[in-house]
Amino acid sequence: MRLPGWLQNRAPVGPSADLAHRLETGRGVVLYMESVSVSFDGFKALNDLSVYVDEGELRCIIGPNGAGKSTMMDVITGKTRPDTGSVWFGQTLDCLRREPWEIAAAGIGRKFQKPTVFEQLSVFENLEVAMQADKRVRASLFAQPTAAQHRQLDEILHLIGLTPERGRLAGLLSHGQKQWLEIGMLLMQNPRVLLVDEPVAGMTPGEVERTAELLNALAGKHSVIVVEHDMAFVRAIARKVTVLHQGSVLAEGSMDQVQADPRVQEVYLGEAMA
Amino acid sequence: MAVSSVTSMAALPQDALSGPRVFSGRGWLVFAGVVITVAGGVPLFNLALPADSALHLPDYLVPLLGKFACYALVALAMDLIWGYAGILSLGHGVFFALGGYFMGMHLNQVAAQAGLYRTAFPPFMEFLQRDSLPWFWTGFGHPVWALAMVLVVPGVFAFGFGYLAFRSRIRGVYFSIITQALTYAMMLLFFLNEAGLGGNNGLTDFKILLGFPLQEPATRAALFSVTVLCVAAAYVLCRYLVRAKIGRILIGLRDAESRLMFVGYNPLHYKLFIWTLSAVLCAIAGALYVPQVGIINPGELQPANSIEMAIWVAVGGRGTLLGAMLGALAVNGAKSWLTAAYPDLWLFFLAAVFIAVTLWLPGGLLSLVTRRRGGKA
Ligand SMILES: Nc1ncnc2c1ncn2[C@@H]1O[C@H](COP(=O)(O)OP(=O)(O)O)[C@@H](O)[C@H]1O
Ligand SMILES: [Mg+2]
């Protein structure tokens, strides 16, 4: 794993012996969550949750509202500290001991459930701010994008279909365009893992289809974890689906396997899975 | 969205990123022209024209204009931290007063050492029952030491205060309230005679600065010009910052701090940097202000003073450097006139202007100009 210099200088904090053994044997696994529990005022948002994600995998997480999907992303990205459990990125980064910006710089990008872009900056500037670079103050004082970075900016703009909007204020974009811009901002960070929370909420059917295309194209180069409610969308992209319910895994497998599971049907009352 | 064709496109020319960092070539000319006209024009019309000429600039106006220039510098400092980084300080009077007091201490010490007072000490010592100055007056007779104190102490103080506040994730209105409390507490402290800074009278009776008599019109004109040059330098610095990548990061901090955090920036470092820089700029303004108005006292630390600084920026246009300076000049121009003509009305007027701008002109006075031109400033 390529860590930025300021992370490399620190003594790596190794996983526990037990976990280290599995980290070594489980080659190709990029994200481990084990026995993670989070409670808010006694309410267990995550309950002994374990999820493993492979390098290059495209994983869908589904589950009813309040199942803990966003909370799971909060834990991985350092926003919420769990009560118990462990979360490892790659073989060396203990997400529970790192700050959100350290985790982001190490290679985990995140799109929020509510699209969050810098509304007063242009589309282009949003991507520039997100771009992988030395993100300390001194570097930001003198940063001058290189030709390669300009090329990457143009590529991502093209990929997310916002080339005609490059000079437009992000606040003026449509809801769907903001979602894409945020995905573009993730890509600018060259992340190994993308966490994408409800990317097609509020999109038109055409936009949903193109988003599915985009995420499919990203898998392989990145590990992508998508939280989504839209079953047609999940069906279009999913290879492996994890069903979350009341903070723990209810079922895991292919879309067909999961849909055939009576417990899953019960949770969804049949209707949403139709 | 063309997912299938991820080929690189020809880079479009002319991005904000590759543009000139401060001004274009023509921009530099205009800027230099304005600075030279202001910094040179005021001394010229004051000193070179005979007093009976219609165009003569009266002596009393020179320090008044100098004071306005100091306020323009304060407005730049406020705009960096509030307009760009979104952190509303209602305690910038603290840094202004610190800079001012250090300059006052220097001016008092110089005059005392030159034997220009009745005793060997600054005048305020006469009613204090002490026969030596407090320890922290040591070295203030030397201009380099005084300058260093003007820059370093407010900077270190702001850094420490900011570190504690920002690290505890104090933000928004809570931060504003804490800074108000800070300036109030400092005011009470500086009122104490035991603080060794002249109590409620503050420091005054200044005589000479760098060997030049402060009462001389030529010295005052020169002080004005130096102040304008300092404002110009600060403007160039601020303009560089807001046009560099860090300027866009600060706007990101203002509008979506968590997004910024999750793309890999540590907000604490950025807040500390801009907060400390803003404090130092404000201290420089305070230091330039004191020799021109001839006094510094704890009144500068009144909470209302710091609030007024924020109002200047809001009125002129937050998030635009020119707007912030324009606001400082417009509000203080109105204040000078109103407090002389209708002293009772000033606060009502200020409140009315602030409310009117907030409701109907969120872009401030500058947006009147730029809206008509149909472009960005
Ligand atoms: N900061 C918080 N404080 C209290 N409760 C929270 C907090 N964040 C999430 N929750 C609760 O945790 C549960 C899981 O929320 P979330 O992870 O957002 O669910 P979803 O699967 O819909 O994304 C919900 O019941 C929610 O109300
Ligand atoms: Mg959610």
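Cβ-Cβ distance below 8 Å, separation of 6 or more or different chains: which pairs start in region A:180-204 with a residue that is within 16 Å of ligand 1 (Cβ to nearest atom) and assigned to a strand (DSSP E or B) and end on one that is among the aromatic types (Phe, Trp, Tyr) and open to solvent by 10 Å² or more (accessible area, probe 1.4 Å)?
As it stands, the answer is A:ASP197/A:PHE112, since those pairs meet every condition given.
Could you please tell me which pairs satisfy a Cβ distance under 8 Å, a separation of 6+ or placement on different chains, a first residue in region B:306-331 that is without any contact (Cβ under 8 Å) to a residue 40 or more places away in the chain and farther than 17 Å from B:GLY286 by Cβ, and a second residue that is assigned to a helix (DSSP H, G or I) and of a type in the set (Asp, Glu)?
B:VAL331/B:GLU308
Before we move on, is A:LEU169 of a type in the set (A, V, I, L, M), under 21 Å from B:ILE251 (Cα atoms) and open to solvent by 60 Å² or more (accessible area, probe 1.4 Å)?
Yes, satisfied.
Surrounded by fewer than 24 Cβ atoms within 10 Å (Cβ to Cβ), under 25 Å from A:TYR32 (Cα atoms), touching a residue at least 40 places away in the same chain (Cβ under 8 Å) and in contact with a Cys (Cβ under 8 Å, 6 or more places away or on another chain), is that true of A:VAL234?
In short, yes.
Could you check region B:199-305 for helices (runs of 4 or more DSSP H) lying wholly inside it with 3 or more residues that are away from chain A (no Cβ under 14 Å)?
Because the criterion is at least 3 residues that are away from chain A (no Cβ under 14 Å), the helices (runs of 4 or more DSSP H) in region B:199-305 that meet it are B:217-243, B:267-293.
Look through region A:88-115, keep the residues that are of a type in the set (A, V, I, L, M) and within 11 Å of chain B (Cβ to nearest Cβ), and return whichever of them is nearest to B:ALA256 (Cα to Cα).
Across region A:88-115, the extreme among qualifying residues is A:ALA104.
Give me the pairs, please: first residue somewhere in region A:51-66 and under 17 Å from A:MET33 (Cβ atoms) and within 14 Å of chain B (Cβ to nearest Cβ), second residue anywhere and open to solvent by 20 Å² or more (accessible area, probe 1.4 Å) and within 16 Å of ligand 1 (Cβ to nearest atom), beta-carbon distance under 6 Å, and either six or more positions apart or on two chains.
Matching pairs, first to second residue: none at all.
Looking at A:ASP74, A:ASP83, which is the one that is in contact with a strand residue (DSSP E or B) (Cβ under 7 Å, 6 or more places away or on another chain) and among the acidic types (Asp, Glu)?
A:ASP83
In region B:97-136, how many residues are in a helix (DSSP H, G or I) and aliphatic (A, V, I, L, M)?
9
Got a sec? Which of B:ALA310, B:ALA341 is open to solvent by less than 60 Å² (accessible area, probe 1.4 Å) and at pLDDT 90 or above?
B:ALA310
Check whether at least one residue in region B:99-121 is surrounded by fewer than 24 Cβ atoms within 10 Å (Cβ to Cβ), among the hydroxyl-bearing types (Ser, Thr, Tyr) and farther than 24 Å from B:PRO217 by Cα, and report yes or no.
yes
Go through region A:64-85 and report how many residues are open to solvent by 30 Å² or more (accessible area, probe 1.4 Å) and more than 10 Å from ligand 2 (Cβ to nearest atom).
The number of residues fulfilling the criteria is 6.
Pairs needed: first member in region B:113-132, over 16 Å from B:GLY198 (Cβ atoms); second member anywhere, in a loop (DSSP other than H, G, I, E, B); C-beta distance under 9 Å; at least 6 residues apart or different chains.
From residues that are over 16 Å from B:GLY198 (Cβ atoms), the pairs are B:GLN113/B:ALA120; B:GLN113/B:GLY141; B:ALA114/B:LYS207; B:LEU116/B:ASP205; B:LEU116/B:LYS207; B:ASP131/B:PHE121.
Go through region A:157-166 and count every residue that is more than 8 Å from chain B (Cβ to nearest Cβ), open to solvent by 20 Å² or more (accessible area, probe 1.4 Å) and either within 25 Å of the chain's Cα centre (by Cα) or of a type in the set (D, E, K, R) (or both).
Here the count works out to 1.
Would you please list the contacts, defined by Cβ atoms under 8 Å and residues six or more apart or on different chains, that run from a residue in region A:69-80 that is under 11 Å from B:PHE262 (Cα atoms) to a residue that is acidic (Asp, Glu) and not in a helix (DSSP H, G or I)?
Sorted first by the residue in region A:69-80, then by its partner, the pairs are A:GLY78/A:GLU99.
Of the conditions (1) assigned to a helix (DSSP H, G or I); (2) over 20 Å from the mean Cα position of the chain (by Cα); (3) over 21 Å from B:LEU250 (Cβ atoms), B:PHE157 satisfies every one except a single condition; which number is it?
Only one criterion in (1) assigned to a helix (DSSP H, G or I); (2) over 20 Å from the mean Cα position of the chain (by Cα); (3) over 21 Å from B:LEU250 (Cβ atoms) is unmet by B:PHE157, namely (2).
Could you list all residues from region A:37-55 that are within 23 Å of A:VAL196 (Cβ to Cβ) and either charged (D, E, K, R) or more than 16 Å from ligand 2 (Cβ to nearest atom) (or both)?
Within region A:37-55, A:SER50, A:TYR52, A:VAL53, A:ASP54, A:GLU55 meet the criteria.
Name the residue that is most open to solvent (accessible area, probe 1.4 Å), counting only residues in region A:35-63 that are more than 16 Å from the chain's Cα centre (by Cα) and among the hydrophobic types (A, V, I, L, M, F, W, C).
A:PHE43
Collect the residues in region A:212-252 that are charged (D, E, K, R) and within 18 Å of A:TRP180 (Cβ to Cβ), keeping them in residue-number order.
Answer for region A:212-252, where residues must be charged (D, E, K, R) and within 18 Å of A:TRP180 (Cβ to Cβ): A:GLU213, A:LYS221, A:GLU228, A:ASP230.
State which residue pairs qualify: first residue assigned to a helix (DSSP H, G or I) and inside region A:129-156, second residue among the basic types (Lys, Arg) in any location, beta carbons under 6 Å apart, and separation of 6 or more residues or different chains.
A:VAL129/B:ARG248; A:SER140/B:LYS245
Identify, by number, the condition in (1) surrounded by fewer than 23 Cβ atoms within 10 Å (Cβ to Cβ); (2) under 27 Å from A:LEU31 (Cα atoms) that A:ASP154 doesn't meet.
Looking at each condition in turn, A:ASP154 falls short on (2).
Mind listing just one residue for me: the one in region A:116-138 that is over 14 Å from B:VAL263 (Cβ atoms) and open to solvent by less than 60 Å² (accessible area, probe 1.4 Å) and, of those, nearest to the other protein chains (Cβ to nearest Cβ)?
Selected residue: A:VAL137.
Within region B:232-272, track down each residue that is among the hydroxyl-bearing types (Ser, Thr, Tyr) and open to solvent by 30 Å² or more (accessible area, probe 1.4 Å).
B:TYR240, B:SER258
The values are calculated or read from the model by the stated rules, or taken from the named source; none is laboratory data. In this text, all values refer to a predicted model and were calculated from it rather than measured experimentally. Glycine also receives a Cβ, built like all others from the backbone with ideal geometry; neighbour counts cover every protein chain displayed. Accessible surface is based on the protein model in full, side chains and every heavy atom, while ligands, DNA and RNA are left aside. Shrake-Rupley method; radii C 1.70, N 1.55, O 1.52, S 1.80 Å.
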